[in-house]
């Protein structure tokens, strides 16, 4: 009798294929994020030309074989500037989320774990003060005070965004530190630092990671807003926001100058939102069971 052999990976492959069919937006988000990251990382090698090269003889040209996305008012290749703008947006978003997340985990974790007057001090006088004002207004104020530049831009956006992560971290720490395994660790003589980093921090990272993924898209919009207002990276460094600002006077005679940066920005933000939703579903055990993941 012939024996039937089943590959041990076939069940896993079918499981993942079924999960992907149940979450098509997650697949789209992952592909768009991958495309965005590759465009930013490989911009120096795949950009058709120098994004700052001026060619006044070919200014305001529409999409063509020579310039797939046309040229701007100075004859610069729009596709090259889009790719380098993706590189800038990627660098800014990763830096801002990293700084905001570090500040939020440190301040929110300290407030939630220590409690008492430390919690009241950090929550009332720090978190609530920053949360009372719109983050973009804080970023605009600090960017105008600090001046243009990459480091100042990251600092301004991080100052306006850390409080949300701190508030989330505080709530998660307060929920996790009352669970039984924390009490058991404390009874066994584990130090406060060990309890926090070994037991509390790993068990509170699920919503924080989701917030960070969604926050990447928000940082892209915030960076474009500051660059649109002239408070971001100085020219001639390409930025999607500055490209939209330069295209305002050519909205009707050269609409491609607005269309392509707007599409790139919308797809980048949408991809991180889809990725955040996919992470939330994947990291939540109850949602994974319901969706068969």
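The values are calculated or read from the model by the stated rules, or taken from the named source; none is laboratory data. Just so it is clear, the model here is predicted, and its values are computed rather than measured. No Cβ is skipped: glycine too gets one built from the backbone with ideal geometry, and neighbour counts run over all protein chains shown.
General remarks:
- Selected residue (criterion: nearest to residue 210 (Cα to Cα)) from residues of region 146-167 that are in a helix (DSSP H, G or I) and at pLDDT below 85: 160
- Filtering region 143-166 to residues that are surrounded by fewer than 21 Cβ atoms within 10 Å (Cβ to Cβ) and within 20 Å of the chain's Cα centre (by Cα) leaves 149, 150, 151, 152, 155, 164.
- Index of the failed condition, residue 133 passing every other in (1) in a loop (DSSP other than H, G, I, E, B); (2) touching a helix residue (DSSP H, G or I) at 6+ places or on another chain (Cβ under 7 Å); (3) over 30 Å from residue 259 (Cβ atoms): (2)
- Candidates 109, 29, 75, filtered to the one that is free of Cβ contacts under 8 Å to residues at least 40 places away in the same chain and either in a helix (DSSP H, G or I) or more than 30 Å from residue 201 (Cα to Cα) (or both): 75
- Test: residue in region 14-25 that is over 18 Å from residue 150 (Cα atoms) and modelled with pLDDT of 90 or more: no
- Condition met for residue 118 (within 25 Å of residue 263 (Cβ to Cβ), at pLDDT below 85, touching a helix residue (DSSP H, G or I) at 6+ places or on another chain (Cβ under 9 Å) and assigned to a helix (DSSP H, G or I)): no
- Remark: pairs (first residue in region 240-251, in contact (Cβ under 8 Å) with a residue 24 or more places away in the chain and on the phi > 0 side of the Ramachandran plot; second residue surrounded by 21 or more Cβ atoms within 10 Å (Cβ to Cβ) and in a helix (DSSP H, G or I); Cβ separation under 6 Å; 6+ apart in sequence or on different chains) are absent.
- Residue ranges of helices (runs of 4 or more DSSP H) in region 192-293 with at least 2 members more than 30 Å from residue 78 (Cβ to Cβ) and within 16 Å of the chain's Cα centre (by Cα): 201-228, 256-283
- Among the residues making up region 219-234, a single one is closer than 9 Å to residue 245 by Cβ and surrounded by 24 or more Cβ atoms within 10 Å (Cβ to Cβ): 227.
- Residues within region 35-60 that are in contact with a helix residue (DSSP H, G or I) (Cβ under 9 Å, 6 or more places away or on another chain) and either more than 17 Å from residue 238 (Cα to Cα) or not in a loop (DSSP other than H, G, I, E, B) (or both), tallied: 10
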